[in-house]
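Undergrad: Before we start, here is the structure in question, set down as C-alpha cells.
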Amino acid sequence: MELILRNITHSYGETEVLEGISFNLKHGEIVCIIGPSGCGKSTLLRFIGGLERPDSGEVLLAGDPPSGSLNPLTYIFQDFALLPWRTVEGNVSLVLEDHGIRGERAKAIIDDVLARTKLSDFRKALPRQLSGGMKQRVAIARALSVNPAVMLMDEPLSALDSQTRELLMDDLVELWTRERFSACYVTHNLAEAVRLGHRIIVLSRRPGRIREVVEIDMPLSERPDRIAELDRLQRQVWQIMREEARQADLEIADVA
Amino acid sequence: MSHDLAHGGSPIQRPIDAANARPVPFRGGGFRHRKLGIVSPIVFAVIIALWELGSRSGIISDIALPAPSAALAAFMDLVHTGMLWKHLGASLYRLVLGWTLGSLLGVAFGLAIGLFSLARAGLLPLVSALFPIPKIALLPLFIIWFGIGEGSKVATILFGTFFPTVIATYGGVDNVDRNLIRMGQSFGLSWLSIVRKIIIPGALPAILSGFRISASIAIVLLVAAEMIGAEFGIGSYILMAGSLFALDQLIAGVAILSVMGLIISWAIGRAERYFLNWRT
C-alpha cells in the first residue's frame, strides 16, 4: 500500500502552517520529516492518518492494505498514549477488542507482539511501573498488534533520554528489517532521521514547505557501522536547516 | 572554578585541604508530611478530657455546654430505649436513597454535558443557575410536589447531591487527556468504546472526589430535610433536642452525624484506593 500526498495546505485561523506539501510514501519505505519547531510536521502527520482534515489538498491511499491488517494507518505517539489504568496486555487488547478479537485469539496476538518487543515478562505491569523506553515499546507492541501497513510516528523517541533512544532506534531497525513496514517518521532530531530514514524531507519554517528531499541510499542495517558517512550526511542536512531553524527560533510562537 | 579554567585551560593543581573539610550543611527536608496515625486519637482524647474536666470543675457551665459524659448518657439512653435504630434507620434510608439517586442522575447528566455539545449548551447554564440555590429554601416546594412524607426529604437530598456531582463529572470528562482520545480514534475504536474504556475511567478520579463532597452535603441536608414532618431521624432528633434545649441530646445527635461522615469518607477512601490503584 502506498500513500500519496497532494498539495496539502492548511492554516489555523490567520496563521498558515503548511503550504503545498506533496510526496509519496512507497511500500516498505521510511520517510523522515524534519523541520524547525512549529513548522507543522505533527499537523501533517495528523492529516496523513485522518485525524484532522487539511484546508486543501488530499491524502490518498493507493493499493490494498495487507490482508489481516486491522488498522492500516497506525500511530505511535510522542507521549506513548497508554491508558494508565490498563496493564501492558490490557493496553494491547484495547485495540483488539473493537475488532471482536478476544480470548485465545487475542492472547496469541498479545503473546506474539510482546515477544517481538521483548516485553513478555511485563504483561501484568501498569504503565506507571515502566520506564519511558518500555512504555514506548508497549506502544510499539500495540501498533504491531493491528498489523499496520503504515506506521505514523510522531517524534516517538523525543520523550526519552539519549541512551534509551539509541537502544530503541536499534530495536526499530531490527523490527523494520523483519517486517518491512512503511513509516512516516516525524522528528526534530537529525541523528534519528539519518539513522532511520530512506528519505528525509526537510520542511521550511512556518508556513511549512518542502525545502529539500534527501535520499539516503544506505541499508538501515549497515548504518551503525558507517557512522562517519552518516555524520557527514547529518551535517549536510543541518546546513540546509540551520538558517530556517534560526529564523523559526526568533518568531513569536502564537500557534500551538 | 570556571574562572580558573578560563585562565589556564585546566584546573589549577593545588593540594586538597582534607583536614579542614566539613560536611555540606543539610538544607532539604521539611515541607513533606509524615504519617502520624496516633496523633488524631490523642487530639480527640485530650479535647474531650479537657472538656469533661472543665465541666466537672464548673469552669464550663452546664447551660453553656453539657459534659461529654452527659452526652454519652443521652446516647446510651437512645441505645437502651431502642430509639437509636429507629432514628438511624429512618435517616440512613433517606440518605442512601437520596444520595444514590442524586449521584446516578448527576453522573448521567455530567457525562451528557461532557460528551454532547447540545447538552452542554442547553443544560450547563441551567445547572449553573440552580446549583447555588440553597435546597433548604426549596423545602416547602418539595413538600407540595413530593408530599410531606419521605418524598420531600429524599428529594431535598437528591437535589443537593445532584448538582455537585454533575459539575464534578463533566469537569472530569473535560480533563481526560485529549491525546488518549485521539489514540482511541487513531486505532478506529468506536464512540462507545472510547467513552467506556477511555473517558469514564479517565473521569473517575474527579467523579469520586465529587462523591466525597456530595456525601457531606447529603449529611448537611439531612437535618434540613427532617425539619418538617419527620417523626424519626437523626436530624429530627437533633432539632427536637434543640427546641427543648436538651443540649446533651443535641451533642449526642451531632456526634452521630459526625461519625456517619467519618465512615462515609473512609468508605470513599477505600473505593478510591480500589478503583484508582493505577495512579501514582
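Undergrad: Do the conditions hold for A:V202, that is, is it without any contact (Cβ under 8 Å) to a residue 60 or more places away in the chain, touching a strand residue (DSSP E or B) at 6+ places or on another chain (Cβ under 9 Å), of a type in the set (V, I, T) and outside any helix (DSSP H, G or I)?
TA: No.
Undergrad: Identify the single condition in (1) over 22 Å from the mean Cα position of the chain (by Cα); (2) farther than 30 Å from B:G229 by Cβ; (3) exposed (fewer than 15 other Cβ atoms within 10 Å of the Cβ) that B:V39 does not satisfy, given that it satisfies every other one.
TA: Failing condition for B:V39: (1).
Undergrad: Given the condition surrounded by 16 or more Cβ atoms within 10 Å (Cβ to Cβ) and closer than 27 Å to A:C32 by Cα, answer yes or no: does some residue in region A:103-112 qualify?
TA: no
Rundown of residues vs (1) in contact with a helix residue (DSSP H, G or I) (Cβ under 7 Å, 6 or more places away or on another chain); (2) over 22 Å from A:S93 (Cβ atoms), yes/no style:
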{"site": "A:D112", "(1), (2)": "no, no"}
{"site": "A:A115", "(1), (2)": "no, no"}
{"site": "A:R123", "(1), (2)": "yes, no"}
{"site": "A:P148", "(1), (2)": "no, no"}
{"site": "A:R165", "(1), (2)": "no, yes"}
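Undergrad: Would you check if A:I21 is under 24 Å from A:R180 (Cβ atoms) and either in contact with a His (Cβ under 9 Å, 6 or more places away or on another chain) or buried (at least 16 other Cβ atoms within 10 Å of the Cβ) (or both)?
TA: No, not satisfied.
Undergrad: If you take the residues of region B:214-272 that are aromatic (F, W, Y) and surrounded by fewer than 16 Cβ atoms within 10 Å (Cβ to Cβ), which of them is nearest to B:L92 (Cα to Cα)? Before the answer, list the steps.
TA: Going through region B:214-272, the residues aromatic (F, W, Y) turn out to be B:232, B:237, B:245, B:266.
Cutting the leftovers down to surrounded by fewer than 16 Cβ atoms within 10 Å (Cβ to Cβ) gives us B:245, B:266.
Numbers: B:F245: 25, B:W266: 17 Å.
Ranking the qualifying residues of region B:214-272, first place goes to B:W266.
Undergrad: I would also like to ask the following. Looking at region A:62-82, is at least one residue part of a strand (DSSP E or B), out of contact with any helix residue (DSSP H, G or I) (no Cβ under 9 Å at 6 or more places or on another chain) and either outside the structural domain of A:H27 (by TED's automatic domain parsing) or among the hydrophobic types (A, V, I, L, M, F, W, C) (or both)? Steps first, please.
TA: The initial filter retains those residues of region A:62-82 that are part of a strand (DSSP E or B), namely A:62, A:73-76.
Next, only the ones that are out of contact with any helix residue (DSSP H, G or I) (no Cβ under 9 Å at 6 or more places or on another chain) stay: A:62.
Applying the additional criterion that residues be either outside the structural domain of A:H27 (by TED's automatic domain parsing) or among the hydrophobic types (A, V, I, L, M, F, W, C) (or both) yields A:62.
So far as region A:62-82 goes, yes, one or more of its residues are part of a strand (DSSP E or B), out of contact with any helix residue (DSSP H, G or I) (no Cβ under 9 Å at 6 or more places or on another chain) and either outside the structural domain of A:H27 (by TED's automatic domain parsing) or among the hydrophobic types (A, V, I, L, M, F, W, C) (or both).
Undergrad: While we're here: Filter region A:30-50 for residues that are without any contact (Cβ under 8 Å) to a residue 60 or more places away in the chain, closer than 16 Å to A:S11 by Cα and in a loop (DSSP other than H, G, I, E, B) and give the result.
TA: The answer is none; no residue qualifies.
Undergrad: Also: Please enumerate the residues belonging to region A:63-101 that are at pLDDT below 90 and away from every other protein chain (no Cβ under 13 Å).
TA: Answer for region A:63-101, where residues must be at pLDDT below 90 and away from every other protein chain (no Cβ under 13 Å): A:G63, A:D64, A:P66, A:S67, A:G68.
Undergrad: Counting residues that are within 9 Å of chain A (Cβ to nearest Cβ) and without any contact (Cβ under 8 Å) to a residue 24 or more places away in the chain, which helices (runs of 4 or more DSSP H) fully inside region B:170-232 reach at least 2?
TA: B:178-186
Undergrad: Could you go through region A:52-61 and let me know if any residue there is within 14 Å of chain B (Cβ to nearest Cβ), under 21 Å from the mean Cα position of the chain (by Cα) and under 24 Å from A:R123 (Cα atoms).
TA: Checked against the condition, which is being within 14 Å of chain B (Cβ to nearest Cβ), under 21 Å from the mean Cα position of the chain (by Cα) and under 24 Å from A:R123 (Cα atoms), region A:52-61 yields no hits at all.
The values are calculated or read from the model by the stated rules, or taken from the named source; none is laboratory data. Values in this document were obtained by computation on a predicted structure and should not be read as measured data. Note: ideal-geometry Cβ built from the backbone for every residue, glycine included; neighbour counts use all protein chains shown.
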